[in-house]
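Notes follow once the structure below has been shown.
The values are calculated or read from the model by the stated rules, or taken from the named source; none is laboratory data. Computed from a predicted model, the values in this text were never measured in an experiment. Note: ideal-geometry Cβ built from the backbone for every residue, glycine included; neighbour counts use all protein chains shown. Calculation scope for accessible area: heavy atoms of the full protein, side chains included, ligands and nucleic acids excluded. Shrake-Rupley method; radii C 1.70, N 1.55, O 1.52, S 1.80 Å.
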Amino acid sequence: MDTIRIHPGHLIDGTGQPARHDWAVLIEGETIVAVGPDAGVPRPAHARHIDVPDGTALPGLIDAHVHLVLPRSHGSMLDEMQALSDDELVVLGAASAERFVRAGVTTVFDCGARGDTAFRIRDAVNKGLVLGPRTLVSGRPVTRTGGHCWWWGGEADGVEAVRAAVVKLLDEEGADGIKMMATGGYMTTTTNPAESAYPREVFEAAVEETHRRGRYITAHAHGVEGMRLASEAGIDCLQHASMIGPERNWQFNEEVARGMASRGTRAAMTMAQGIRVAREKGEVVDWRGAKRGDPLTAAMWMADARALADAGVELVVGTDMTSVVDTDHGEETILEIEAFVEIGFTPLQAIRAATSLAAANLKIDGITGTLAPGRSADILVVGGQPHRDIHDLRNGRAVLRAGRSVLPTPLQPPPLRLSPVD
Ligand SMILES: [Zn+2]
């Protein structure tokens, strides 16, 4: 069993507490056994030391919305996926998993994949066959016939069929959680993102079966009505949460937002892709200038995130990392965290949304998400002080995934330097 002692210049525990100076972490095997002021943390003679006096240690990052097995497309992502066999998708997903963990993302929730491909990647990671983050999978998202991403094979209609689909995924196939499509989506062009895909009782049946098993259930939701019904039914977290009205433009609904806040429905905003695409085209993303009635743009999406947070909704980091060209998987997670800071979160709040809060959202806060004794040794060490400058998350110096040391990938700078907090 390896013993590792990390002594960084600063330590962020992930709970939102201020960074500590001159603290240390001791790891035995897969588990953190001590965290505290350096002088009080044991120094076993056989320990391997990671001393980074100009760096900061923090919990490994968590991305609540990834797709390990969608190709990084330069054209039609769907066509490219359909041209690949399940075996090829598994190889692709294994490569994606490695990219995430080398960027410091030590846990991901896979929000949808064809057949059993995501399960096979998770199991390969768990067996140590490939390097990857702790991988939680939803398998095939539950969607109505012809609904968003129906081509992944998860179609089910009505209370009883949806209940049966959820039970099969969780009990027979070993899904870690459930993903539902509460509205149409842009990628499935025959669906309507503004419309709710199901009545409330269907969401309620899915929530009942999932929560009965202590598991996590999330829903893709663009339209206001689908967001409202999914939240009222007790879905744990909404993906995208973009608050579009019947005309597919931004119609932020205060009442729905406050309802989400009071029920504890979280949101994963998936802002990074739009921001990257806009900036690569040279566009200015002016989220402060976004207003109701605007079409769905990166600026509007960021304004939506800000408005949800102002209404009291807890936001967690999730990227929907799929097909973005010329970026790397974990880098997208860091871009999402940077976007939180751009809309006014402090760096520590943004890091919390990718660590302790993200773990609580996925119901794995007893396992990971904080630097504390008993937690899995999922740790990112970066150069600099990300609690002062969030971009320092890109300066990976060391990554531990359940105590296993992984060489970090040097990441690119952000597509355009985001403005500092004001
Ligand atoms: Zn997605």
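List of remarks:
- Qualifying residues in the stretch 268-289 (those that are touching a residue at least 24 places away in the same chain (Cβ under 8 Å), out of contact with any Phe, Trp or Tyr (no Cβ under 6 Å at 6 or more places or on another chain) and part of a helix (DSSP H, G or I)) - the one surrounded by the most Cβ atoms within 10 Å (Cβ to Cβ): ALA272
Yes/no matrix, rows are residues, columns are (1) at pLDDT 90 or above; (2) more than 29 Å from ASP378 (Cβ to Cβ); (3) assigned by TED's automatic domain parsing to the domain that holds HIS7:
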residue: HIS49; (1), (2), (3): yes, no, yes
residue: PRO53; (1), (2), (3): yes, no, yes
residue: HIS65; (1), (2), (3): yes, no, no
residue: SER73; (1), (2), (3): no, yes, no
residue: MET77; (1), (2), (3): no, yes, no
residue: ALA83; (1), (2), (3): no, yes, no
residue: ASP87; (1), (2), (3): yes, yes, no
residue: VAL90; (1), (2), (3): yes, no, no
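- For the stretch 142-161, the count of residues that are assigned to a strand (DSSP E or B) and open to solvent by less than 50 Å² (accessible area, probe 1.4 Å) is at least one.
- Residue in the stretch 290-309 that is under 16 Å from the mean Cα position of the chain (by Cα), open to solvent by 10 Å² or more (accessible area, probe 1.4 Å) and under 16 Å from ALA64 (Cα atoms) present: no
- Looking across the stretch 172-183, the residues that are touching a helix residue (DSSP H, G or I) at 6+ places or on another chain (Cβ under 9 Å) and either open to solvent by 30 Å² or more (accessible area, probe 1.4 Å) or away from the ligand (no atom under 16 Å from the Cβ) (or both) come down to GLU173, GLY174, ASP176.
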